[in-house]
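Computed from the coordinates by the stated procedures, all read-outs in this text should not be read as laboratory data. Model, not experiment: these values are computed from the prediction. Here Cβ is always computed from backbone atoms with ideal geometry, including for glycine, and neighbour counts include all displayed protein chains.
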Number of protein chains: 2
Amino acid sequence: MEARDVRKRDAARTREAILVAAQQVFSARPYGDASLKEITALAGANPALVSRYFGSKEKLFEEALSETLDAGMLTNAPRERFGEVIADMFTARAGRINPLPMLVFAAADKGTQAIAVRLLTEKTLKPVEAWIGGAHAEARAAQIMAIATGFFTYRLVLPLAPFEGEVSPEVKTWLARSLQMIVDAD
Amino acid sequence: MEARDVRKRDAARTREAILVAAQQVFSARPYGDASLKEITALAGANPALVSRYFGSKEKLFEEALSETLDAGMLTNAPRERFGEVIADMFTARAGRINPLPMLVFAAADKGTQAIAVRLLTEKTLKPVEAWIGGAHAEARAAQIMAIATGFFTYRLVLPLAPFEGEVSPEVKTWLARSLQMIVDAD
DNA sequence: TTCTTAAGTAAATCACGATTTACAAAACAG
DNA sequence: CTGTTTTGTAAATCGTGATTTACTTAAGAA
């Protein structure tokens with residue numbers, strides 16, 4: 001019984017555990033407040049291993065953010081109901097890790113800003129731009145990100161009452177309309 | 001000539017110089033990267049004076065943000081052309097200190113988050129809410145802040161090409177429409 | 001002028017966290 | 001088994017920056 005507790009030493013597994021813990025902590029706390037001590041403790045590992053397996057805290061952050069950013073979330077929605085579907089997704093109780101807080105937190109540290117811009121561009125902006133197509137595709141993709149970022153900033157990071165917990169149908173509707181307007185604007 | 005250089009010691013003037021420098025530095029750099037050394041150097045003062053005149057770095061930040069937040073910027077616009085006017089203002093080359101980057105930076109530091117939420121609520125959200133009136137005024141005010149915050153995050157903090165420098169008329173238009181929609185949505 | 005108080009400075013203190021180092025224990029190949 | 005390599009740990013190191021302390025200098029009143 002409990003064979004899981006009889007863990008042998010396993011570098012790959014440890015590395016993965018640290019990465020998962022990093023995603024959780026980095027999306028819950030500002031980069032500067034997310035200490036390697038906390039992350040490795042959550043992973044049941046030792047702070048020194050970050051250096052060995054990832055090189056540095058910044059590299060760990062980069063990999064954590066990179067894995068978390070996923071354009072598919074956005075580009076799988078049907079075009080005609082994009083706003084509605086995405087607004088629903090945004091206002092649902094999140095199960096998976098949300099990359100937006102990590103982006104916001106990354107905004108507040110010199111070293112992580114460049115990483116965030118690069119990853120956001122590669123992994124989300126470009127794919128959304130390609131999906132959205134038509135005129136001014138890049139600007140429209142950016143606009144979608146901006147709407148999402150503003151919303152999650154005040155939902156998850158600097159909580160404002162109207163965006164916390166269950167949001168009103170009106171907020172959802174306005175969000176949906178803004179998003180749909182951008183998608184249709186070509 | 002140059003009477004200005006013959007500065008006598010003057011606590012009030014020094015305090016003010018530090019406060020102004022703080023506004024500049026805090027809106028240009030993440031809170032953690034904005035050192036008191038840099039701020040006081042810019043003010044031509046000594047780091048120890050922050051403690052004397054403001055109590056702590058956080059208190060200095062609080063006062064700097066508080067002075068910078070100004071709902072009047074938003075609530076002076078004519079209602080029917082709100083979106084247009086504000087979009088113009090947002091995309092204009094800023095002269096005065098912009099509080100939004102400070103808010104974004106504050107979002108990324110445990111100690112300043114609470115301060116930011118409180119000041120934002122008192123000094124901007126409530127006034128805008130009162131000005132906007134009608135149904136769901138609080139939610140609509142929050143929505144306006146969210147749009148502004150998303151936009152400036154990618155204009156001034158994590159620069160994305162479509163929002164940098166001179167923005168295209170389209171971006172301006174979409175911004176204006178989103179904002180106007182919220183104002184009219186009662 | 002002299003004395004007191006306010007303003008300013010330089011340097012120590014203190015805390016904290018990332019990174020490194022030197023070491024110990026386990027895995028595993030032969 | 002035995003020796004080598006990999007994985008993991010504990011404890012220094014190192015830098016940084018806010019805050020405090022002790023001190024110096026200027027201002028202004030008596």
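The C-alpha atoms of chain A define a longest principal axis, and helix A:82-91 lies at about 40 degrees to it. Electrostatic bookkeeping for A:Ala137 treats Lys and Arg as +1 and Asp and Glu as -1; over the other residues with beta carbon under 12 Å from its beta carbon, the sum is -2. From helices alone, chain A scores -18500 deg cm²/dmol at 222 nm; the rule is -39500 (n - 2.57) for each run of n ≥ 4 DSSP H residues, then divide by the residue total. The separation of the range A:110-163 from the range B:90-109, counted between C-alpha centres, amounts to 17 Å.
Rounded to two decimals, the Cα-based Rg/Rh of chain B, with Kirkwood Rh, is 1.03.
With neighbours defined as other Cβ atoms within 10 Å of a residue's Cβ, the residues A:Met181, B:Met73 order from fewest to most as B:Met73, A:Met181. What's the FRET efficiency of A:Asp186 with A:Arg93 using the Cβ-Cβ distance as r and R₀ = 41 Å, to the nearest 0.05? Plugging the Cβ-Cβ distance into 1/(1 + (r/R0)^6) gives 0.80. Take each residue of peptide B:39-49, count the partner chain Cβ atoms within 10 Å of its Cβ, and average: the result is 0. Shown for A:Ser35: label points 7 Å from Cα along the beta-carbon vector, and their distances to the equivalent points in the other copies, 2.1 nm in ascending order.
Net charge of the neighbourhood of A:Ile39, taken over other residues with C-beta under 15 Å away and scored Lys/Arg +1, Asp/Glu -1, is -1. Going by neighbour counts of Cβ atoms within 10 Å, the residues A:Trp174, B:Trp131 line up, fewest first, as B:Trp131, A:Trp174.
Counting from the shortest, the label point at A:Met73, 7 Å from Cα toward Cβ, is 2.9 nm from the same position in each remaining copy. With a 10 Å cut-off around each Cβ of B:155-161, the average count of Cβ atoms from other chains is 6.
Sorted largest first, the spans of the alpha carbon positions of the protein assembly as shown along the three principal axes are 83, 50, 34 Å. For B:Lys172, the aspartates and glutamates whose Cα comes closer than 17 Å to its Cα, not counting residues fewer than 8 places off in the same chain, are A:Glu138, A:Asp184, A:Asp186, B:Glu80, B:Glu84, B:Asp88, B:Glu164. Partner lysines whose Cα lies under 23 Å from the Cα of A:Lys37, excluding those fewer than 8 positions away in the same chain, are identified as A:Lys8, A:Lys57, A:Lys59, A:Lys110, B:Lys110.
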